[in-house]
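Please treat every number below as a calculation from the coordinates, not as lab data. Source: prediction; values computed, not measured. Every residue, glycine among them, receives a Cβ derived from its backbone with ideal geometry; neighbour counts consider all protein chains shown.
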């Protein structure tokens, strides 16, 4: 996974290093190691519901770096399209306008978008523009002292517990 909070270049380099160390153990030569990278999308009711999501240029830069450095006959590199992740982030952390976005995207021709060969980012962009929905807004960090759009639903996980885990994860990150 790429685009995690506090991710650094060294993390991408470690992924590349691990891949090359693993293929040293693959025999015979015709076998391959498949590396599948997804983009971090913060979700509601998780300790990371407050963090930002990397934008398309940031994810594209990271993926291009990995693509350039994960070249070997025994490696197969697969990734999630950053545009798909942006829509996933907008749908997961959107507010009351998200339903209108889905309807407008459908009306713009978005169908079977979970299938890569049917996904149309331009349909989502047109729909967002049509209804005044900023696709980047749900990607921004959320203040921990303000209610979140989805908190009216009781999932049985106290907000305080999620906030505590989020703060603990930041403390661990600072220590390493």
Which residue, 57, 44, 28, tops the fluctuation ranking in a GNM of the chain built on C-alpha contacts under 10 Å?
28
Residue 21 paired with residue 145, simple spin-label distance in nm, labels 7 Å along Cα-to-beta-carbon:
4.3 nm
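Based on the Cβ-Cβ distance from residue 106 to residue 153, what FRET efficiency comes out when R0 is 22 Å, to the nearest 0.05? Numbers along the way, then the final one.
Details: r = 24 Å, r/R0 = 1.08.
So the FRET efficiency works out to roughly 0.40.
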Does a label point 7 Å from the Cα of residue 65, set along Cα-to-beta-carbon, have any residues of segment 3-33 with amide nitrogen under 12 Å, and which are they?
3-4, 7-16
Relative contact order for the chain, counting Cα pairs under 8 Å that sit 6 or more residues apart, in percent
24 percent
By the gyration tensor of its Cα atoms, with a ≥ b ≥ c the square roots of the eigenvalues, what is the shape of segment 77-151: rounded for a/c under 1.5, prolate for a/b over b/c, or oblate?
oblate
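When a footprinting reagent is the concern and you count Cβ atoms within 10 Å, what order do 13, 160 take, fewest first?
Numbers: 13 13, 160 8.
Exposure proxy ranking, most exposed first: 160, 13.
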Provide 34, 144, 98 in ascending order of the number of other Cβ atoms located within 10 Å of each residue's Cβ, fewest first.
34, 144, 98
Taking the chain as the reference, fit the longest principal axis to its C-alpha atoms, fit the long axis of helix 98-107 to the helix C-alpha atoms, and give the angle between the two in degrees, 0 to 90, nearest 10.
70 degrees
Quick one: helix 82-93 against the long Cα principal axis of the chain, what's the angle to the nearest 10°, folded into 0 to 90?
40 degrees
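Could you compute the FRET efficiency for residue 31 and residue 172, with r as their C-beta to C-beta distance and R0 at 35 Å, rounded to 0.05? It would help to have the intermediate numbers written out before the result.
Details: r = 36 Å, r/R0 = 1.04.
That gives a FRET efficiency of 0.45.
When the Kirkwood radius is taken over all Cα pairs of the chain, what Stokes-Einstein diffusion coefficient follows at 20 °C and 1.002 mPa s, in µm²/s?
Details: Rh = 18.3 Å.
It comes out at roughly 117 µm²/s.
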Return, ordered by residue number, the residues of segment 133-176 whose backbone nitrogen is under 18 Å from a label point located 7 Å along Cα→Cβ of residue 8.
169-176
With each run of n ≥ 4 DSSP H residues scored as -39500 (n - 2.57), what mean residue ellipticity at 222 nm is computed for the chain after dividing by its residue count and rounding to the nearest 500 deg cm²/dmol?
-14500 deg cm²/dmol
